[in-house]
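The structure appears right after this line, and notes come after that.
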Amino acid sequence: MEAASWNVGYPIFGARFLDEDTLLVAGGGGEGNHGIPNKLTALQIDFSRKNKVIKKFRELQLPPNSDSPMSLDTNGEIILMGCNEGSEKIKKGKNCHLRKYDYIDQHLVFSKSINLFTDFSNDINNYTKCCYISDDSSIGCISNSNEKNPQLIIINTSNNQLKLKYKIIEKTNNIIKDLHISPDGKTIVYITSSTFKAISTVSGKILISKNSSALSTSSQTLIFAKIRFINNNEFIIGCNINNKGGISIVHYSILDQLLISNKLISKKIKSITSMDFWPNIIIKVYQDIKNPEKTITKSEIDINNSLISIAGNNYSVILLKFKNFKNLFEFKKTHNFVITKVTFSPTGQYLASVSAANTIHVIKLPSKFITSNQTQIKSKNLNTFLSIILSLLFVLILAILIQYLINKKLIQHLIDIPTIKSELKKRR
């Protein structure tokens, strides 16, 4: 299995692929830099370059009086980054902690910044812990690091905006550990260490709220660590088991409010530091019976062949197949210090992990672990249509053949058999 590592020169706290071959990372040494700059860096991945698989492509250095970026997400066009201003500005109540960049013509372009945690404008210990953008660029979502007053902010990011849409206060006074946006952008899920909630981005209302005890067994207590949507209705939670009992994954349905599965993943790993999900997207081509000349293309997630990656406290990365959460491979000690992020490339070809030890590690996954996300499959409608056509052709050919045999009087004796039998009965 091919892999490559590279030292970017600063601690990395956020990472996400911009496209299939470009990895975006962010981090730094914090305010004052301490000789370590704060940066946003785009890296090109190319395993055909044997001596330089990972290569710096674009880079922006942040002002020296700003803090280090602590969270990062992108959908390939818009980049959201959580990064505090310097302490002097924060003390004056001026902390534009959320920054927006655009990826235009393969360049990183600063767009704007905003302060959305207005309750903590002068709190130097409060920062943007989680930061996500929807696939369609319509919705963003962030959460803060404050344990006494945890907040989740839903943002309108359409049409180049950064505008507050809803503010949710987590009343349990437990820090929001992770959050995620559904593929259609209509739902957000977030977790504390012991609760999870689903919220509508349309209305801002809570759709479901559950405690970890509802998902735990009698022999274990789950401590929620990371969460990811797998489709618009279902999500997975990466959990630490109490008393260092290992890690597990919980699979849950929002619509049915049902625990689908809870499986132990490892007893050796004691806690999860990062988790990502790669959806295996299949392109299906439908042909309508009523209008067979037209085709409809739809994308669907092949859940069973999708992948999960988990980074553990032992600096290893586990690759799982979603079906039965089967362990495909464990990459041991990929870094020398805590892994802060794992992320898949869009087609699942690459799995990258980054660390506070300044290092990037990229694995090229073998084809046996992934299936193409551009597969075309004939629809049932098309198969049904073809079956009907073939059946009609068969009946038509059979009718022509029978008529031909009758005209040639080749089967006249078969036609006359019922008449002969009737005459015999009369004679008896």
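What follows is calculated from the coordinates using simple rules that are stated; it is not laboratory data. What you are looking at is a predicted structure, and each value in this text was computed from that prediction instead of being measured. We place every Cβ from the backbone using ideal geometry, glycine too, and count neighbours over all the protein chains shown.
Local charge for Gly30 was computed over the other residues whose Cβ lies under 13 Å away, with Lys and Arg +1 and Asp and Glu -1, and equals -2.
The translational diffusion coefficient of region 109-168, from Stokes-Einstein at 20 °C and 1.002 mPa s with a Kirkwood hydrodynamic radius over alpha carbon pairs, comes to 176 µm²/s.
Taken along its three principal axes, the alpha carbon spread of region 1-79 comes to 40, 27, 19 Å, from the longest extent down to the shortest. Phi angles across region 350-366 convert, under the Karplus curve 6.51 cos²θ - 1.76 cosθ + 1.60 with θ = phi - 60°, into 3J(HN,Hα) values of 10, 10, 10, 10, 10, 9, 5, 8, 6, 9, 10, 10, 10, 10, 8, 6, x Hz, Gly and Pro given as x. Per the Debye formula on identical point scatterers at the alpha carbon atoms of region 87-126, with no solvent, log10 I(q)/I(0) at q = 0.20, 0.27, 0.36 Å⁻¹ is -0.60, -0.81, -1.14. Counted by Cβ distance under 11 Å from Lys244, the other residues give a net charge of +3, where Lys and Arg count +1 and Asp and Glu count -1.
Summing Cβ point charges (Lys, Arg +1; Asp, Glu -1) relative to the Cα centre of the chain gives a dipole of roughly 1560 debye.
Would you grab the residues whose amide H sits under 5 Å from the one on Asn358? Only those 5+ places off in sequence or on another chain, please, with H modelled 1.01 Å from N. Excluding prolines and chain starts, which carry no amide H, the hits are Ile12. Sorting the segments 203-211, 327-335, 177-185, 396-404 by their residues' average number of neighbouring beta-carbon atoms within 10 angstrom, most packed first, yields 177-185, 327-335, 203-211, 396-404.
Under 15 Å of direct C-alpha separation, and excluding same-chain neighbours fewer than eight residues apart, Lys268 reaches these aspartates and glutamates: Glu330. Put a dot 7 Å past the Cα of Asn327, heading toward its Cβ, do the same for Val395, and the two dots end up 5.9 nm apart.
Shown in residue order for region 11-22 are the 3J(HN,Hα) couplings computed by the Karplus curve 6.51 cos²θ - 1.76 cosθ + 1.60 at θ = phi - 60°: x, 9, 10, x, 7, 6, 6, 6, 8, 4, 10, 10 Hz (x for Gly and Pro). Normalised by residue count, the chain yields a Cα convex hull volume of 243 Å³ per residue. Calculated [222 nm] ellipticity per residue, helices only, for the chain: -4000 deg cm²/dmol; basis is -39500 (n - 2.57) per DSSP H run with n ≥ 4, divided by all residues, nearest 500. What angle, in degrees between 0 and 90 and rounded to the nearest 10, separates the Cα long axis of helix 412-427 from the longest principal axis of the Cα atoms of the chain? For 412-427 against the chain, the angle is about 60 degrees.
Across region 1-156, the relative contact order, built from alpha-carbon pairs under 8 Å that are at least six residues apart, equals 16 percent. With a cut-off of 14 Å between beta carbons, the residues surrounding Lys55 carry a summed charge of +2, where Lys and Arg count +1 and Asp and Glu -1. Sorting the segments 47-57, 186-196, 356-366 by their mean number of nearby beta carbons within 10 angstrom, highest to lowest, gives 186-196, 356-366, 47-57.
With point charges of +1 on the Cβ of Lys and Arg and -1 on the Cβ of Asp and Glu, referenced to the Cα centre of the chain, which listed residue (Ile199, Ile181, Ile406) lies farthest in the positive direction of the dipole? So the residue we want is Ile406. Sorting the segments 153-166, 95-108 by their residues' average number of neighbouring beta-carbon atoms within 10 angstrom, most packed first, yields 95-108, 153-166. Taking 0.36 nm per residue of sequence separation and removing the Cα-Cα distance, the Asn159/Lys294 pair yields an extension gain of 45.3 nm. Please work out whether region 31-190 counts as rounded, prolate or oblate from its C-alpha gyration tensor, where a ≥ b ≥ c are the square roots of the eigenvalues and a/c under 1.5 means rounded, while otherwise a/b larger than b/c means prolate and anything else oblate? Oblate shape, in that a/c is at least 1.5 and b/c is the bigger or equal ratio. So which lysines pass the test for Lys284, namely a Cα distance under 19 Å, with those fewer than 8 places away in the same chain ruled out? Qualifying lysines at Cα under 19 Å: Lys294, Lys298, Lys378, Lys380.
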